[in-house]
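Trainee: Mind looking over this structure? Questions follow.
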Amino acid sequence: LKHLNANDLTSESDLVGLFNALEKIGAEAKTKKDKGPTLVSIDYLENLAEFSSDAIKGFFRKVNGLLRSVPLLIIWPVTQQADVDEMREYSADVSGTLFYRSKEIIPFSGPPEDRYIDITKRTISVLNDGAELSDFSLASKNLEEALTKLQKLPEVQRTFREYLELVKEEWRDASKYQERVRRQIPKSTEVWFFFSYPEAEAVVSQFTRRTARIED
């Protein structure tokens, strides 16, 4: 599986960089075709609104030619149905076989909400060498409260990603995270210089600001 970050491969006017990256992966995939197609995910390009019609059609035309000669299977995560429909319209102008027949769109809404808590516990453990919730000043109650907050949001916002953000908020509150960060910020430091000779005050005052209390 190869991941392409579209932010690094596209400009404001074209998709040339993205196609070049696909072409490079395609050349490598051709040498390994006996192992099956290489899977490529185009990430962070949920819509094509910023590109011109000619640029989009040109991109799909090149991709169509590429897929006829190299074993690539491209996955393109998109969040809005309208953007999916627009992409399919552009591709249809180029070829009717660009998308895998009968699997042009694979809906994925994420795991069911009733599994969020269990998945979060397992994720924390796996990513932190078997650590428990209590190691992060958390308890099951915190995860349940985060889920309750999530369920009060509009359906479109009720994603697992948003749930994890709410769990982070619970962790910050429980661990007094912000308070600990503030304590670690270095306090201001005062440096005193003493000039011990008769005319010192007259000389030093040329390079200082006099306030009501001290000379800075």
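Trainee: Just for the stretch 196-209: of the residues that are touching an Asp or Glu at 6+ places or on another chain (Cβ under 8 Å) and at pLDDT below 70, which one is least open to solvent (accessible area, probe 1.4 Å)?
Mentor: My answer is Thr208.
Trainee: Given (1) open to solvent by 100 Å² or more (accessible area, probe 1.4 Å); (2) at pLDDT below 90; (3) not basic (Lys, Arg), identify the lone condition not met by Leu127.
Mentor: (2)
Trainee: Quick check, is Ala55 among the aliphatic types (A, V, I, L, M) and buried (at least 16 other Cβ atoms within 10 Å of the Cβ)?
Mentor: yes
Trainee: Another question, if that's okay. Given the conditions (1) under 25 Å from Leu1 (Cβ atoms); (2) open to solvent by 70 Å² or more (accessible area, probe 1.4 Å); (3) not aliphatic (A, V, I, L, M), report the number of the one that Asp114 does not fulfil.
Mentor: Here Asp114 meets the rest and fails (1).
Trainee: Follow-up question, since we're still on this one. Mind counting the residues in the stretch 23-43 that are polar (S, T, N, Q) and either assigned to a helix (DSSP H, G or I) or surrounded by 12 or more Cβ atoms within 10 Å (Cβ to Cβ) (or both)?
Mentor: 2
Trainee: Hey, among Thr79, Thr97, which residue is open to solvent by 40 Å² or more (accessible area, probe 1.4 Å), within 30 Å of Leu164 (Cα to Cα) and among the hydroxyl-bearing types (Ser, Thr, Tyr)?
Mentor: Thr79
Trainee: If you don't mind, there's one more thing I want to ask. Scan the stretch 139-160 for residues that are under 25 Å from the mean Cα position of the chain (by Cα) and closer than 10 Å to Ala174 by Cβ and jot them down.
Mentor: Scanning the stretch 139-160 gives a single hit, Asn142.
Trainee: Continuing with the same structure: Which pairs do you get when a residue that is closer than 11 Å to Ala55 by Cα, found in the stretch 8-26, comes within reach of a residue that is polar (S, T, N, Q) and open to solvent by 50 Å² or more (accessible area, probe 1.4 Å), reach meaning Cβ atoms under 8 angstrom, with the pair 6+ apart or on two chains?
Mentor: Ser13/Ser52
Trainee: I would also like to ask the following. Do we find that Lys33 is over 30 Å from Phe160 (Cβ atoms) and either touching a strand residue (DSSP E or B) at 6+ places or on another chain (Cβ under 7 Å) or modelled with pLDDT of 90 or more (or both) in this structure?
Mentor: When the stated conditions are applied, Lys33 does not pass them.
Trainee: Is there any pair linking a residue in the stretch 27-53 that is at positive phi to one that is part of a strand (DSSP E or B), with Cβ under 6 Å and at least six apart or on different chains, and which?
Mentor: So the pair list comes out as Tyr44/Asn5.
Trainee: Please identify the pairs in which a residue from the stretch 141-165 that is touching a residue at least 24 places away in the same chain (Cβ under 8 Å) has its Cβ atom under 6 Å from the Cβ atom of a residue that is open to solvent by less than 90 Å² (accessible area, probe 1.4 Å) and among the acidic types (Asp, Glu), counting only partners at least 6 apart or on another chain.
Mentor: So the pair list comes out as Asn142/Glu170; Ala146/Glu170.
Trainee: Let me ask something else. From (1) surrounded by 16 or more Cβ atoms within 10 Å (Cβ to Cβ); (2) among the hydroxyl-bearing types (Ser, Thr, Tyr); (3) more than 24 Å from Glu46 (Cβ to Cβ), pick out the condition that doesn't hold for Tyr90.
Mentor: (3)
Trainee: If you don't mind, another one. Could you tell me which residue of the stretch 96-138 is farthest from the chain's Cα centre (by Cα), considering only residues that are of a type in the set (D, E, K, R) and closer than 25 Å to Trp76 by Cα?
Mentor: The selected residue is Arg101.
Residues are listed down the side, and each one gets a yes or a no for (1) open to solvent by less than 50 Å² (accessible area, probe 1.4 Å); (2) at pLDDT below 90; (3) not in a loop (DSSP other than H, G, I, E, B); (4) not aliphatic (A, V, I, L, M):
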{"position": "Ser13", "(1), (2), (3), (4)": "no, yes, no, yes"}
{"position": "Ala21", "(1), (2), (3), (4)": "yes, no, yes, no"}
{"position": "Leu45", "(1), (2), (3), (4)": "yes, no, no, no"}
{"position": "Ser69", "(1), (2), (3), (4)": "no, no, no, yes"}
{"position": "Glu104", "(1), (2), (3), (4)": "no, yes, no, yes"}
{"position": "Pro107", "(1), (2), (3), (4)": "no, yes, no, yes"}
{"position": "Gly110", "(1), (2), (3), (4)": "yes, yes, no, yes"}
{"position": "Asp118", "(1), (2), (3), (4)": "no, no, yes, yes"}
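The values are calculated or read from the model by the stated rules, or taken from the named source; none is laboratory data. Treat the numbers as computed from the prediction; the structure is a model and nothing was measured. All Cβ positions, glycine included, derive from the backbone under ideal geometry; neighbour counts span all protein chains shown. Please note that ligands, DNA and RNA were not included when accessible areas were found on the heavy atoms of the full protein model with its side chains. Shrake-Rupley method; radii C 1.70, N 1.55, O 1.52, S 1.80 Å.
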